[in-house]
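The values are calculated or read from the model by the stated rules, or taken from the named source; none is laboratory data. These figures come from a predicted structure and were not determined experimentally. Heads up, the Cβs are rebuilt from the backbone with ideal geometry, glycines too, and the neighbour counts pull from every protein chain shown. Note: accessible area is taken over every heavy atom of the protein model, side chains too, but ligands, DNA and RNA are not part of it. Shrake-Rupley method; radii C 1.70, N 1.55, O 1.52, S 1.80 Å.
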Amino acid sequence: MKKVNLFVLFVVLFSCTCKGQVHRFYYELTYKPSTKNKTIKTDIFYLDSLDKRSVFIRKEKWESDSLFTSQSPVLSLGTMNFKVIKDLGNSSVILKDDLFIGAISYKEYPDLHWKLLPEKRNIETFQVQKAEANYGGRRWIAWFTQDIPVFDGPYVFMGLPGLIIELRDDANEYQWKFKGSRKNVRATLQTESVMEDVVMSKEAYIKSKENFINDPLPILMQSMTDVSKSSEIMNKMHQQAESIKKYYQDNDNTIER
């Protein structure tokens, strides 16, 4: 009975507080970043929701973006340095990806084609239903609840009749789990990048990222002036390019394949 009362209280508070202010949902991602070993990593993500829009972002990146809003950003390597901005009204997605040398973005309308399945179970206090979809070269299994009237979830996933509580691929290499929520004091979504981003098609985005991963040196060179191209600087630039290539070779099991 205590659990039922707590659940009813959650629904009442959610209904009363989410309108007109950002409501944050927490997800834990457990994933296998490399195809070469069995290393497992975990990250915390935020799904910030406001009306029919949302932003999905890793906790550390959200904190970094907030810290450097009025300062020069610190660029870092990472396969999780993206921000997904969703418009549930027209089912569109804008993905902003911060590479080591800047940000690139694309807009798409994910063709998810969810298949709702009759299987149901309980996760914590929520009754959930199973759904499946193909996206990004993976088969995804979602468990969603109609108890929370937010048709959203991790990464680009949305469009189910309730919040996604768990999401994993059928190879168990990526799994997001809902960990809770709270009302955020922010009045607006944090949609902007700390760096100026170049918007392109998804095909052009994939090609640009592949070019950077395979040969970072030409792109790194674009940020240098002729005056700075001394032999010492060039040696360091070559070393940096090799480090970038090795990082992506070691972290080759990306969300989309």
*Considering each of Lys59, Lys36, Lys52 in turn, give the residue that is modelled with pLDDT of 90 or more and more than 19 Å from the chain's Cα centre (by Cα).*
Lys36
_Quick check on the stretch 164-182. Is at least one of its residues under 14 Å from Leu47 (Cα atoms), surrounded by 19 or more Cβ atoms within 10 Å (Cβ to Cβ) and among the polar types (S, T, N, Q)?_
yes
*Which residues, taken from the stretch 126-140, are within 17 Å of the chain's Cα centre (by Cα) and buried (at least 16 other Cβ atoms within 10 Å of the Cβ)?*
Tyr135, Arg138, Trp140
_Can you pull out every residue in the stretch 16-68 that is assigned to a strand (DSSP E or B), open to solvent by less than 40 Å² (accessible area, probe 1.4 Å) and over 30 Å from Lys245 (Cα atoms)?_
His23, Arg24, Phe25, Leu47, Asp48, Ser49, Leu50, Ser54
_From the list Lys115, Lys86, Lys120, exactly one residue is buried (at least 16 other Cβ atoms within 10 Å of the Cβ) and at pLDDT 95 or above. Which is it?_
Lys86
_When the residues of the stretch 233-253 are narrowed to those that are part of a helix (DSSP H, G or I) and among the acidic types (Asp, Glu), which ends up least open to solvent (accessible area, probe 1.4 Å)?_
Asp250
*Of all residues in the stretch 174-189, which are within 14 Å of His23 (Cβ to Cβ) and in contact with an Asp or Glu (Cβ under 8 Å, 6 or more places away or on another chain)?*
Phe178, Asn184, Arg186, Leu189
*Which condition breaks for Leu189 when tested against (1) open to solvent by 40 Å² or more (accessible area, probe 1.4 Å); (2) within 14 Å of Ser49 (Cβ to Cβ)?*
(1)
